[in-house]
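Have a look at the structure below before the remarks.
Throughout, read-outs are computed from the coordinates displayed, never taken from laboratory work. Quick caveat: nothing in here was measured; it's all calculated off a predicted structure. Methodologically, a virtual Cβ is constructed for each residue, glycine included, from the backbone with ideal geometry; neighbour enumeration extends over all protein chains shown.
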Amino acid sequence: MWRTTWLIAALGLRRSLRDRSILIQALVAPIVIALVVGAAFGSGFSLNVTIGIADADRSEISTQIAKGLVGSGGDGIAFSAVGDPQSVEAAVESGSYDAVVVMPAGLGEAVLAGEAAQLDVVGAATDPLATSVAQAVAGGVAAELQTARVTAVAANQAGVEDVTASIQKAVASPPAITVEQGEVDGTFSVMAYFAPGMAMLFLFFIIGDGARSIVAERKQGTLPRILAAPVSPTSVLLGKTAQVMVVGVLSMTAVWLITWLGFGADWGDPLGVFVVIVAAVTAIAGISLLITGFARTENQADALTTIVALLFAVAGGTFFLGATGVLNTMRLFTPNGLALSAFVDLSAAQSGLAGVMPQVLLLLAIGIGTATAGLLALRNKVLS
Amino acid sequence: MDRPVLQVEQLVRRFGEHTAVDKVSFTIRTGETYGLLGPNGAGKTTTISVIAGLLRADEGTVTLLGEPVTPARKSLIGLVPQDIALYPDLSAIENLQFFGSLQNLNGKALSARVAEVLDVVGLADRAKDRIETYSGGMKRRANIAVGLLHEPRLLILDEPTVGVDPQSRNSILEAVAELGGSGMAVLYTTHYMEEAERLCDRIGIIDQGRLIAEGSRDELVQGLGEKATVSFRVAGGREDIEAWRADLERLPEVNAVQDVESGLSVVAANGPGLIAPAVQFAQANRLEVTGVDVVQPDLEAVFLDLTGKALRD
């Protein structure tokens, strides 16, 4: 069975790679559109994020850090003190803050004891960008504290001043926290957001074509001819599924490599990016198979694919950055939005694979569930 | 006598309320070319789809060399579908290599068979060209080549000459005749009487899903007995011709009447004996008989006699 599955997948791949329209949809269109949109946003794009600073430690060091942060910011990032550190989650949920950096109780003591500073971040799942900024702030503060502590210990050993005073002094002014806005506001960095978004939009069409080829081949007569050979229907369906998966992964990986190596768009941890690509392609392939399986005709499947692709693209945030309100919530109900939130986590927050596993697992669940239903429907419809 | 390559017994296939194939039975032996002759929609393609394992039978059995058609035994069959079932964006070689691989051919054996069948169908010089660049006749020949690739025991050809120019048609018929002569069992469906007469050792006449007659061409024609087809050409109005037709159909010796250009064709038990009363009826209906032909009995007459309608209807 696996031999014929491979033969069918290989034939489909060969035909896909020869098809210039697929090359245009898979590579040229997403990159060109991402470039155009990126240029449109250009340096004029700015964030509009309010980060809360919650001081649950109330130590001299944490108080100094909070003072330093609150009132600083700029370029669309504002810091504001959170009145009650115990109600941070409610404050985020109510929309008072887009995300909150929490300095936990014991932070000051830990720093003085020579332990690594650990700050927490509370963010809304619907706003991964703000959460990413808050994580960057927390990381910056932690790094700053570590540097200040090392410096203070050295100064103390030299008899200059005591450690606490030295650290307090180091964090008295707004710390040199590098909020990597450059990750999201440069033309080419904006591309790290728009390129995968556009690639996923076009993947619906490319993968949809591949899924519909099962129905098209039945009409064309090649599918009955294949089934007249010693080939099981399961092999045919697995072969076609493998074909659309490989075409999808290849095309999106190519967009990633071209925008990364050619245009400097950093999508983040390569392993994480590749896993998210595979998960996103799985979800899109599953949805395409489901549409093909339940549509009455090839034309109906084509029309439905277009509608679903555009709906998911709009709702998933493919065409805009920094959505708020309902649009922001809707994102996470679409494979596009889930994948984009993972890509933002990888690029803006520099998360690793572990950080995007929730989105990856959801995408895989969507893909496997819809593909199973679609393949069963196709088996009954096409092969009966 | 050796066991038949194909044995179909009491085959029934329904689509909802419609019975497309109704208790069809026939056998084909090694080296025999069997024709399923019938008009479009008679059930020919459904019958071969069941034989090839593409459709399930609702009733009846199909055996190949005495055993049921299992997925593994499908390689005993070579199917040449009515439509061009090839990938237009691939060359003939690529199509043949793909379908040959599905039949478990590979390596040098596959390459050798691909070259052989391309030679058989006369496409060796265009083998590397994409199918979409071929003429209709060339596509038909490439379509046949795929069915031959794995040297099946039974070759099924479903109306292989539909839409083909006369030259290619002749070439296809010659190739099929050679295959039958080489010992391969051939099941050939057509609605062209001449093709069935030219190629087939035995012919099954199928109409509305039922096999209504079977035998060699001569046996079927002899079944007409003294019946003959008389073709009348007349001058007159359409209404008068219809009235004349009604008069003819009332004659007890008339089996079937069909329209022909400028007149009617009649199958009658007494053949030439019909001419005198037919002319009298024509004159009574204000028609002038301008010509009369007594046609030699053929499969068209057999079909007309059996079904009351022309094969092309």
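Each principal axis of segment B:6-221 carries a Cα extent, and these read 45, 37, 33 Å when sorted largest first.
What FRET efficiency comes out for A:Glu60 versus A:Phe319 if R0 is 60 angstrom and r is the Cβ-Cβ distance? Round to the nearest 0.05. So the FRET efficiency works out to roughly 0.80. Between amide H atoms placed 1.01 Å from N, distances below 5 Å from A:Ala78 occur with A:Val49, A:Thr50, A:Ile51, all of them 5 or more places distant or on a separate chain.
DSSP finds beta bridges in the protein assembly as shown, and of those with both partners inside it, around 60 percent are antiparallel.
Per the Debye calculation on segment B:226-296 with a single equal scatterer at every Cα and no solvent contribution, log₁₀ I(q)/I(0) for q = 0.15, 0.17, 0.18, 0.22 Å⁻¹ amounts to -0.38, -0.49, -0.56, -0.85.
Extension gain, A:Ala113-A:Ser96: 0.36 nm per intervening residue step, less the Cα-Cα distance, totals 2.7 nm.
Between B:Asp125, B:Asp201, B:Asp58, find the one with the highest GNM mean-square fluctuation for chain B; connect C-alpha pairs within less than 10 Å. The residue with the greatest mean-square fluctuation here is B:Asp125. Amide H contacts under 5 Å for B:Ile206: B:Leu37, B:Gly38, B:Ile212, restricted to partners 5 or more places along the chain or on a different chain, H placed in the peptide plane at 1.01 Å from N.
Extending 7 Å from Cα along the Cβ direction at B:Arg56 and again at B:Asp240 yields two label points whose distance is 6.0 nm.
In a reduced charge model with +1 at each Lys and Arg Cβ and -1 at each Asp and Glu Cβ, the protein assembly as shown shows a dipole moment near 1040 debye about its Cα centre.
Think of each Lys and Arg Cβ as +1 and each Asp and Glu Cβ as -1; about the Cα centre, that makes the dipole of segment B:94-204 roughly 320 debye. In plain terms, chain B is cut at each of the GluC sites (Glu not before Pro) found in a DSSP loop with at most 16 other Cβ atoms within 10 Å, and the longest leftover piece is B:18-225. When chain B is treated as a Gaussian network with alpha carbon springs shorter than 10 Å, the biggest mean-square fluctuation among B:Leu55, B:Leu37, B:Leu96 belongs to B:Leu55. Assuming charge only on the beta carbon of Lys and Arg (+1) and of Asp and Glu (-1), the dipole of segment B:226-296 about its Cα centre is about 60 debye to the nearest 20. Exceeding 27 Å between C-alpha atoms, which entries from my cross-link table qualify? They are B:Lys74/B:Lys139; A:Lys381/B:Lys74; A:Lys381/B:Lys139; A:Lys219/B:Lys108. From B:Lys74/B:Lys139; A:Lys381/B:Lys74; A:Lys381/B:Lys139; A:Lys219/B:Lys108, over 27 Å: A:Lys381/B:Lys139; A:Lys219/B:Lys108. Kirkwood analysis of the Cα pair distances in the protein assembly as shown returns a hydrodynamic radius of 31.2 Å. Using the Cβ-Cβ distance between A:Thr151 and A:Val28 with R0 set to 51 Å, the FRET efficiency works out to roughly 0.45.
Which of the aspartates and glutamates could a cross-linker span from A:Lys67 if the Cα-Cα distance has to be under 20 Å and same-chain partners fewer than 8 positions apart are dropped? Here the aspartates and glutamates satisfying the reach criterion relative to A:Lys67 are A:Asp55, A:Asp57, A:Asp75, A:Asp84, A:Asp98, A:Glu109, A:Asp120, A:Glu144. The distance from the alpha carbon centre of segment A:213-228 to that of segment B:156-234 is 28 Å, rounded to a whole number. Ranking A:Ser341, A:Ser80, B:Ser216, A:Ser235 by Cβ neighbours within 10 Å, fewest first, what do you get? Lowest to highest Cβ neighbour count: B:Ser216, A:Ser80, A:Ser235, A:Ser341.
Near the amide H of B:Val260, within less than 5 Å, lie the amide hydrogens of B:Ser265, all on another chain or at least 5 residues away, with H placed in the peptide plane. With a Förster radius of 56 Å, plug the Cβ-Cβ distance of B:Gln222 and A:Ile258 into 1/(1 + (r/R0)^6) and report the FRET value to the nearest 0.05. For B:Gln222 and A:Ile258, the calculated efficiency is 0.15. Between B:Asp119 and B:Glu261, the modelled labels are 4.4 nm apart [label points 7 Å from Cα along Cα→Cβ].
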